[in-house]
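Single-structure report; data block below.
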Amino acid sequence: QVQFVESGGGSVQPGGSLRLSCEASTDIYAMGWYRQAPGEKRVWLATITESSSARTLTHYADSAVGRFTISRDNAKNTVYLQMSRLKPEDTAVYYCNRVPPLNDSWGQGTQVTVSS
């Protein structure tokens with residue numbers, strides 16, 4: 001069973017930045033970030049695909065475009081999410097997983113709270 005360990009969350013004021021990290025237990029072609037706000041369903045945020053030619057592709061949900069950047073370090077099986085210009089509505093638990101997700105492999109996530 002693939003495992004994912006997220007880290008890097010915390011509390012930040014509106015307009016601030018955070019960088020999330022996620023280490024996977026194995027190499028995965030398409031990795032993504034997801035988030036679940038209180039009382040809402042978990043939603044997809046961003047995807048990054050691995051390329052043997054060193055070219056990666058990224059895709060973002062509308063809510064992430066222009067503010068979030070996904071990246072990866074293949075040597076470490078780690079994916080990152082750089083978040084900037086954070087808003088209170090970004091408050092959620094953030095998860096990483098394969099895209100599409102492995103439903104038995106969700107980790108604990110990392111809490112991000114944006115509040116003044």
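The values are calculated or read from the model by the stated rules, or taken from the named source; none is laboratory data. Everything quoted here is computed from the prediction, not taken from an experiment. Don't worry about glycine lacking a Cβ; one is built from the backbone with ideal geometry, like all the others, and counts go over all protein chains shown. The accessibility values were calculated without ligands, DNA or RNA, using every heavy atom of the protein model including side chains. Shrake-Rupley method; radii C 1.70, N 1.55, O 1.52, S 1.80 Å.
Quick look at the numbers
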{"quantity": "Other-chain or far-sequence residues with amide H under 5 Å of Ser105's (modelled H)", "calculated": "none"}
{"quantity": "For the chain, convex hull of alpha carbons as volume per residue, Å³", "calculated": "93 Å³"}
{"quantity": "Gain in span if fully extended, Ser115 to Val43, counting 0.36 nm per residue against the direct Cα distance", "calculated": "23.8 nm"}
{"quantity": "Length-normalised contact order of the chain in % [C-alpha pairs under 8 Å, at least 6 apart]", "calculated": "38 percent"}
{"quantity": "Net +/- balance of residues flanking Trp106 in space, Cβ distance below 14 Å, scoring K and R +1, D and E -1", "calculated": "+2"}
{"quantity": "Cα-centred dipole magnitude for segment 1-78, charges only on beta-carbon of K, R (+1) and D, E (-1), debye, nearest 20", "calculated": "140 debye"}
{"quantity": "Accessible surface, per residue, of the chain when the full set of protein chains is kept, probe 1.4 Å, Å²", "calculated": "55 Å²"}
